[in-house]
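Working notes, structure below.
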Amino acid sequence: MRDERTADVVIVGGGVIGCAIARRAARGGLSVVVVERATPGMEASWAAAGMLSPLAEANGPGPFLDLLVRGREIYPDYAAALREETGVDVCYADAGTLFVALREEDDEELCARWRWQSAAGLAVERLSASEAREAEPALSPAVRMALRFPGDHQVDNRALGPALWSAAARAGVRFRLGEQAVRLLRAGNRAAGVELAGGERIHAGAVVLAGGAWAGMIEGLPRPVPVEPVHGQLLALEAVPPMFRHVVDSPRCYLVPRAAGRVIAGATVESTGYRKAVTPWGVRRLIDGAVEIAPALEHAPLAETWSGLRPGTPDGFPILGLDPEVEGLVYATGHFRNGILLAPLTGETVGGLLCGEPWGAEMAPFGIERFREE
Ligand code: FAD
Ligand code: GLY
């Protein structure tokens, strides 16, 4: 039996990011241990809405948009591979996204988005109000115009977490569940493993910090990891027969149609520390936003409410790659609003890095050194 206390790589955090990296590294021949203090995939990765939306999420061209687009490109094959490996269908759905203007002030936001996206050669279509309502008849008569992003899709993130966990386990990854990593172990300027809350040490030549909003909370790190929790509340409504085909986004709310007529409405964006709570303020905001998009939702049964903590960074971009000083210490956190979209790409790139593959120049903008104090 392999010793649970040594590995080539120890990964702190078993969300979609940690599991995707673990899967890739193990498939590359490394021995990998994931330390997860609770259940894999049950924090932000479970709470998310599952949109794969580079065009709705990026605010302009640049390395971040390029990263999101690359993340989106590999999704169909990745979802098929997960299904093959585990039997779990992550419900990749490719009906596209509609971004709708419902108020006069929304028009400028959509027009500006359309200008830079079409100038950048991205797949975006501009729809009149009648074209938008033809595409989605449940839309409010107040709709003024819409953008259609035919390539922005969705998955069921509550299936993605278990699929990645299972795929990693099948690739040979060992999971230490219910264990909290509390300290980075170092041997001089090298990462040497982690210490668990009970005092046990897991020795490894590489340590990956993939703890989502909690990634900076272990002792012994060479620098602050500027990740903060950004609270998001969501709710689900039952709309049978199904009301939408597309994901529908407005400047105030998004609606994600799921199987069997369930519609997810999200999400608030709040800086409330590590407190997760569904509040009357949040529910009111989401219901107002959902009903503004589709008035018929006012009478739909409220099925579920929940919330989660996005791992936010000061610039909204993830933190990926090696520490510039401590050899073997790797960051994979700060995926903020796009960790479901980016999990496959982060898994492949960071997992590949652990296996000795080159770290492309396109990844350089996401290094932790961008936060270095002058
Ligand atoms: P998490 O899923 O939070 O996992 C981190 C894990 O690390 C946890 O399981 C935790 O228990 C563990 N951990 C932390 N510290 C330790 C430690 N010291 N020891 C042991 N274990 C530890 N993204 C999209 O792409 N599309 C969306 O539509 C979308 N919608 C979202 C909506 C909301 C409301 C929220 C909250 C997020 C949304 N996201 C979306 C973002 C996405 O969910 C996150 O970016 C992604 O899940 C981050 O994954 P992660 O693995 O880094 O973090
Ligand atoms: N990407 C959607 C959200 O973070 O709410």
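Structural remarks
- Region 234-312 shape via C-alpha gyration tensor axes, a/c threshold 1.5: prolate
- Nitroxide proxy distance, nm - points 7 Å out along Cα→Cβ at Glu362 and Arg252: 3.8
- Residues in region 82-115 that a label on Ala296 would reach, taking backbone N under 20 Å of a point 7 Å out along Cα→Cβ: 95-102
- Within the chain, DSSP assigns beta bridges of which about 70% are antiparallel (rounded to the nearest 5).
- Taking the charge dipole of the chain about its Cα centre, with +1 at Lys and Arg Cβ atoms and -1 at Asp and Glu Cβ atoms, the residue from Ala44, Ile218, Ala277 reaching farthest to the positive side is Ile218.
- Measuring r between the beta carbons of Glu327 and Trp281 and using R0 = 35 Å, the FRET efficiency lands at 0.15.
- Think of each Lys and Arg Cβ as +1 and each Asp and Glu Cβ as -1; about the Cα centre, that makes the dipole of region 282-371 roughly 360 debye.
- Ranked by how many other beta carbons lie within 10 Å on average, peptides 209-217, 101-109 from highest: 209-217, 101-109
- This ranking places Asp323, Asp152, Asp249, Asp89 by how few other beta-carbon atoms lie within 10 Å of each, fewest first, which gives Asp89, Asp323, Asp249, Asp152.
- Counting neighbouring Cβ atoms within 10 Å and putting the fewest first, the residues Val69, Val9 line up as Val69, Val9.
- The dipole here belongs to the chain: it is taken about the Cα centre, uses +1 on the Cβ of Lys and Arg and -1 on the Cβ of Asp and Glu, and is about 740 debye.
- Here the gap between Ala123 and Thr39, fully extended at 0.36 nm per residue and compared with their Cα-Cα distance, gives a gain of 26.4 nm.
- Residues of region 204-234 with amide N under 18 Å of a point placed 7 Å along Cα→Cβ from Ile74: 208-210
- Cβ crowding within 10 Å averaged over residues, with 31-38, 15-22 ranked highest first: 15-22, 31-38
- Ordering Ser118, Ser166, Ser45 from the fewest to the most neighbouring beta carbons within 10 Å gives Ser118, Ser166, Ser45.
- Label point distance in nm, Arg245-Asn189, each placed 7 Å from Cα along Cα→Cβ: 5.8
- Cβ-Cβ distance of Ala81 and Trp116, R₀ of 45 Å, FRET efficiency by 1/(1 + (r/R0)^6): the value works out to about 0.85.
- Summed side-chain charge close to Phe336 - residues other than Phe336 whose Cβ falls under 12 Å, Lys, Arg +1, Asp, Glu -1: -1
- A Förster radius of 35 Å, combined with the Cβ-Cβ distance separating Arg170 from Ala260, puts the computed FRET efficiency at roughly 0.75.
Where a number appears in this text, it was derived from the coordinates with a stated rule and is not lab data. Here the structure is a predicted model, which is why all the values come from computation and not from measurement. Virtual Cβ from ideal backbone geometry, glycine too; neighbours counted across all protein chains shown.
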